Amino acid sequence: MANKISVTVNGKQYTGEVESRTLLSDYLREDLSLTGTHIGCDTSSCGACTIHIDGKAVKSCTMLAVQADGCEVTTVEGLATNGNLHPMQESFKEEHGLQCGFCTPGMMMTATDFLKTNPNPSEQEIREALEGNFCRCTGYHNIVRSIQLAAKKMSEAV
Amino acid sequence: MTKYIGKSVKRVEDKRFITGQGKYTDDIKMPGMVYAYILRSPYAHATVNSINIDAAKSAEGVVAIYTGADIPEAIAGVPCGWQVNFKNGDIMKEPPHPLLVRKKVRHVGDGVAIIIADTRANAKDASELVDVDYDLHDAVTDPKAAAQPGAPLVHADAPNNIAFDWQLGNPKEEVAAALASAAHVTELDFVNQRMIPNAMEPRSAIGHYDTAYDKYTLYTSTQNPHLTRLLMCAFVLGLPEHKVRVVGPDVGGGFGSKIFHYIEEALVVWCSKQIELPIKWTCDRSEAFLTDAHGRDHVTNAKMGFDADGKIVALQANTFANMGAYLSTFAPAVPTYLHGTLLQGLYTTPKINVDVTATFTHTNAVDAYRGAGRPEATFLLERLIDLAALEMEMDPTELRFKNFIPAFDGVEQEGYVTQVALQYDSGNYAPVLTRALEMVGYEAFREEQKNQKGDKLLGIGFSTYVEACGIAPSAVVGALGARAGLFESAQVRVQPTGKVSVYTGSHSHGQGHETTFAQVVADRMGIPLEDVEIIHGDSDSVAFGMGTYGSRSLAVGGSAIVKSIDKVLEKGAKIAAHLLEASTDDLDYAEGKWTVKGTDKSVGFGDVSLTAYVPHNYPEGLEPGLDFSSFYDPANFTYPFGAHVAIVEIDKETGFTKLKRFIAVDDVGNVINPMIVDGQIHGGLAQGIGQAMLEGAIYDETGQLINGSYMDYCMPRADDFPSFEVDRTVTPCPHNPLGVKGAGEAGCIGSTPAVVNAVIDALWKGGHKVKDVKMPMTPERVWTAMQG
Ligand code: FES
Ligand code: FES
């Protein structure tokens, strides 16, 4: 069955028809061609598909597209503003927080939401916050460093 | 002076990844694209009586369905790329691995039919309407059990399921005699369990047949585009190679699992010709668990003998290696030439024999997984030596120092010739362990351990390793059974404006070649890093390539680039000499310009480049253009080494083991980008530690993979690790122009035994003298070990 939905993604309004069973992750990738949101599993475990819905980090494969009707969605493509990288993006680059880059969008989306609630986290708190995001390349070492650097940058900015 | 080499230059490829613009295979969409789903066997061993596709054919959106019967007989299946012979000289058993099974399924996940539809969901829906009638048979999954008489047979023409048997080293009798007269023999039975690679990007392939040009394109998540093309064209589909383009776009990790040529790649290409539409196949994670080539899976008995002084006198290693149901591309090389040959380790052991029996089982194929054979060799040696130290009541570090091969640089001193067919290039083993002990604060730790009271047990474990990478001289690997060369190609194309495009046959899947290679080029040519572009992964633009694995990219691919740069600069000098009216002998090249010695007369690289393409005032007889290709075939493998130390704390009540510290000191030769090398080490450590503590595939006796999802397979998470403490020493490789050895696998090779040894040490110090705790060392297993 087709359903009409209207979502704001990265500040742009999209209206369209989706099947009831279409996952939000598939809608973003297939219908909107926003392929920065990655799909790494079929059990909602890996976090590669993490986006923001109304400002909160959500695994987009755990939601149906119809459930996003009327929501504000931010994907990795919307993290930079006016061509300026988000401090989280800068920090991942500076601290070598990515290798193959596949987990990276989800990592950054989880981390930016996490820093909103805990702007000055300990290393252990960062590691625990990343429980739902897998990375096979970095051993997490430099991802933790990246998030620490981003926290520093963001607290200096306010 | 180097401006870039040795510096932690930030990666140039990062921009696209952090902004969500990376292009992985599944991100590619083409007009008219249709989607494939592969129906796979739910059984490990069964005869296929019939397949009824009638209902599925008329399901919504279905474009085509093919089964094994539709594929021409001439297409036998995907080949194996490495031949190992039986001890008696017979060729290994090499049963065909068909694109889709015709009569018999041999592991859960074997492909039965391909369903192509307008959407992925419709293809999946239709697959449920395919009716397959199976006759079930008993299965065998354990590599040792498979070789016992009466075990269910995987292939009728491989008696006792033996793919091949093999041995290397000194005669068995000599080793047995040395063990018999040894003052102490440590013996250990252990399992190096099966691992699932779990690159985060699931495999994906797009086949596209272009009717206008009569040309095929395959986009695929591969570490190895050219080899995939060669195997697919010459050995599977019989296609003209010049009419086939294989592209590996951005690849989301591989760890070995994307080296091999997979059936899905050949299938989408073949099907795209039948229906003349582009076809995309992307696997689900559950499918990846079932069908990405797995790693390890050795069952081993090993004995190490020592004299009264603690010197190793002999080593006997007997291993059953699981091949799975079919021989994957490099599978036979892993337990043999990448494992047996490494059993010298960094010790002076005078007598070594290794005996390997490779068996077929009703499981998914096993092949190279990060380290491929060298982790298994290191695990064997390092478990034995640490255990021997406990048994002989010696310090495990002293025992190692006593047995290390003395330093040799491969220039002044010859490379070290092992008992197992290799000659190490250069090595200086004591300093890595010394440095690691400093970082640990070894004496203080032992004090702390001695005084430990309460409900925790502290343990420390060591692992020192040498590995072989930069694979390798083609003639040598050819003699060892490789059915391909193992050189690398590079083209350095200088554009008229002096900008440089470099085409390399190496293919990054996260290693950062676009940065590291550019650092080498920019420094060697004296030009800004921004003026260099590294192009890789496309068989239409890169002349040829052997791909990225075995930590070979910089040592082999980088050396090929250096060769081409040398040619460019040599020709450039001729043009410069002409422009400066000097002889080439009188010119110096530095910082992007040629200068006449002792004068201030000079001409820049840009002017020379332009002259090469606008050759008005030009040396007589010299061809225009500034564009050189090279092939580099290394003189030897490279041999990185290192020392890893783990400190663990076990909860006596629960057996829960916490990794408190992990120290790694690695020597990977010269380092171009320290930040990237450290990153490679970190990632390797996590995988090696993951094997020790968390991961492992579990097949039940019927051949079901019972932990084939992220709900069941324990992937390492961020809070499973402490921050890693890494450092390095530098012993350059003497036989390649950059002096580099390779860093991609070292972390994974050294770390696993260090963690297990730490747990064993903790247990012994706590009064539980167990020889082994099976990996992954779950709390339950550690707790059980404490009850004895
Ligand atoms: S794809 Fe959503 S959690 Fe893995
Ligand atoms: S960077 Fe490759 S999975 Fe994280």
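Hey, does the range B:72-94 have a residue that's within 14 Å of chain A (Cβ to nearest Cβ) and of a type outside the set (Val, Ile, Thr)?
Within the range B:72-94, not a single residue is within 14 Å of chain A (Cβ to nearest Cβ) and of a type outside the set (Val, Ile, Thr).
If the Cβ limit is 9 Å and pairs must be 6+ apart or interchain, which residue in the range A:22-50 that is on the phi > 0 side of the Ramachandran plot pairs with which residue that is open to solvent by less than 10 Å² (accessible area, probe 1.4 Å) and within 6 Å of ligand 1 (Cβ to nearest atom)?
A:Gly47/A:Gly40
Can you work out which of the residues in the range B:253-286 that are buried (at least 24 other Cβ atoms within 10 Å of the Cβ) and at positive phi is nearest to ligand 2 (Cβ to nearest atom)?
Within the range B:253-286, the match that is nearest to ligand 2 (Cβ to nearest atom) is B:Gly253.
Can you report the number of residues in the range B:512-530 which are of a type in the set (Asp, Glu) and either within 22 Å of B:Gln680 (Cα to Cα) or not in a helix (DSSP H, G or I) (or both)? Give the derivation first.
Going residue by residue through the range B:512-530, those that are of a type in the set (Asp, Glu) are B:514, B:523, B:530.
Next cut, either within 22 Å of B:Gln680 (Cα to Cα) or not in a helix (DSSP H, G or I) (or both) only: B:514.
The qualifying residues number 1.
With outside the structural domain of B:Ala758 (by TED's automatic domain parsing) and in contact with a Phe, Trp or Tyr (Cβ under 8 Å, 6 or more places away or on another chain) as the only criterion, which of B:Lys593, B:Lys601 stands out?
Among B:Lys593, B:Lys601, only B:Lys593 is outside the structural domain of B:Ala758 (by TED's automatic domain parsing) and in contact with a Phe, Trp or Tyr (Cβ under 8 Å, 6 or more places away or on another chain).
Determine whether B:Asn170 is buried (at least 18 other Cβ atoms within 10 Å of the Cβ), modelled with pLDDT of 95 or more, closer than 28 Å to B:Thr361 by Cα and of a type in the set (S, T, N, Q).
No: the conditions fail for B:Asn170.
Hey, among A:Glu19, A:Glu95, which residue is out of contact with any helix residue (DSSP H, G or I) (no Cβ under 7 Å at 6 or more places or on another chain) and within 11 Å of chain B (Cβ to nearest Cβ)?
Step by step, each of A:Glu19, A:Glu95 is checked, and only A:Glu19 is out of contact with any helix residue (DSSP H, G or I) (no Cβ under 7 Å at 6 or more places or on another chain) and within 11 Å of chain B (Cβ to nearest Cβ).
Do we find that B:Ala718 is touching a Leu at 6+ places or on another chain (Cβ under 7 Å) and over 22 Å from B:Glu649 (Cα atoms) in this structure?
Spelling it out, it is not the case that B:Ala718 is touching a Leu at 6+ places or on another chain (Cβ under 7 Å) and over 22 Å from B:Glu649 (Cα atoms).
Would you mind telling me which numbered condition in (1) open to solvent by 10 Å² or more (accessible area, probe 1.4 Å); (2) in contact with a Pro (Cβ under 7 Å, 6 or more places away or on another chain); (3) within 30 Å of B:Gly89 (Cβ to Cβ) B:His137 fails?
All conditions are met except number (3).
On the basis of being at pLDDT 95 or above, out of contact with any Phe, Trp or Tyr (no Cβ under 9 Å at 6 or more places or on another chain) and surrounded by 15 or more Cβ atoms within 10 Å (Cβ to Cβ), does B:Leu153 make the cut?
no
Got a sec? Which of B:Ala56, B:Ala46, B:Ala113 is crowded, with 18+ Cβ neighbours inside 10 Å, touching a Lys or Arg at 6+ places or on another chain (Cβ under 8 Å) and farther than 18 Å from B:His208 by Cα?
Being crowded, with 18+ Cβ neighbours inside 10 Å, touching a Lys or Arg at 6+ places or on another chain (Cβ under 8 Å) and farther than 18 Å from B:His208 by Cα holds for just one of B:Ala56, B:Ala46, B:Ala113, which is B:Ala46.
Could you check the range B:683-723 and list, in sequence order, the residues that are within 11 Å of chain A (Cβ to nearest Cβ) and crowded, with 24+ Cβ neighbours inside 10 Å?
B:Gly683, B:Gly684, B:Leu685, B:Ala686, B:Gln687, B:Gly688, B:Ile689, B:Gly690, B:Ala718
Across the range A:31-47, which residue is nearest to B:Gly252 (Cα to Cα) among those that are more than 8 Å from every other protein chain (Cβ to nearest Cβ) and within 14 Å of ligand 1 (Cβ to nearest atom)?
A:Gly47
Give the range B:492-506 a look and list any residue that's assigned to a strand (DSSP E or B) and among the small types (Gly, Ala, Ser), or say none.
Within the range B:492-506, just B:Ser501 meets the criteria.
When the range B:512-560 is examined, which residues are found to be touching a Leu at 6+ places or on another chain (Cβ under 9 Å) and within 14 Å of chain A (Cβ to nearest Cβ)?
B:His513, B:Thr515, B:Thr516
Tell me yes or no: at least one residue of the range B:434-448 is closer than 20 Å to B:Pro732 by Cβ, modelled with pLDDT of 95 or more and within 29 Å of the chain's Cα centre (by Cα).
yes
State which residue pairs qualify: first residue on the phi < 0 side of the Ramachandran plot and in the same structural domain as B:Val648 (by TED's automatic domain parsing) and inside the range B:709-730, second residue in a strand (DSSP E or B) and surrounded by fewer than 17 Cβ atoms within 10 Å (Cβ to Cβ) in any location, beta carbons under 7 Å apart, and separation of 6 or more residues or different chains.
Sorted first by the residue in the range B:709-730, then by its partner, the pairs are B:Pro722/B:Lys660.
Mind checking whether some residue in the range A:59-73 is over 26 Å from B:Met30 (Cα atoms) and of a type in the set (Ser, Thr, Tyr)?
Yes: the range A:59-73 contains one or more residues that are over 26 Å from B:Met30 (Cα atoms) and of a type in the set (Ser, Thr, Tyr).
Would you pick out the residues in the range A:121-145 that are over 15 Å from the mean Cα position of the chain (by Cα) and crowded, with 18+ Cβ neighbours inside 10 Å?
Of everything in the range A:121-145, those that are over 15 Å from the mean Cα position of the chain (by Cα) and crowded, with 18+ Cβ neighbours inside 10 Å turn out to be A:Pro121, A:Ile126, A:Arg127, A:Arg136, A:Cys137, A:Thr138, A:Gly139, A:Tyr140, A:His141, A:Asn142, A:Val144, A:Arg145.
Can you name the residue in the range A:57-105 that is in contact (Cβ under 8 Å) with a residue 60 or more places away in the chain and among the charged types (D, E, K, R) and is also farthest from ligand 1 (Cβ to nearest atom) among such residues?
Looking at residues that are in contact (Cβ under 8 Å) with a residue 60 or more places away in the chain and among the charged types (D, E, K, R), I get A:Glu90.
Just checking, does the range B:266-274 include any residue being more than 14 Å from chain A (Cβ to nearest Cβ), part of a loop (DSSP other than H, G, I, E, B) and not hydroxyl-bearing (Ser, Thr, Tyr)? Spell out how you get there, then give the answer.
Initial filter on the range B:266-274 (more than 14 Å from chain A (Cβ to nearest Cβ)): B:266-274.
Still in the list and also part of a loop (DSSP other than H, G, I, E, B): none.
Looking through the range B:266-274, none of the residues is more than 14 Å from chain A (Cβ to nearest Cβ), part of a loop (DSSP other than H, G, I, E, B) and not hydroxyl-bearing (Ser, Thr, Tyr).
Condition first: of a type outside the set (Gly, Ala, Ser) and within 14 Å of chain A (Cβ to nearest Cβ). Now tell me which residues in the range B:253-265 satisfy that.
Answer for the range B:253-265, where residues must be of a type outside the set (Gly, Ala, Ser) and within 14 Å of chain A (Cβ to nearest Cβ): B:Phe255, B:Lys258.
The values are calculated or read from the model by the stated rules, or taken from the named source; none is laboratory data. Only a predicted model underlies this, so the values are computations on that prediction, with no experimental measurement involved. Cβ sites come from the backbone with ideal geometry, for glycine too, and all protein chains shown count toward neighbours. Surface areas here come from the heavy atoms of the whole protein model, side chains and all, with no ligands, DNA or RNA. Shrake-Rupley method; radii C 1.70, N 1.55, O 1.52, S 1.80 Å.
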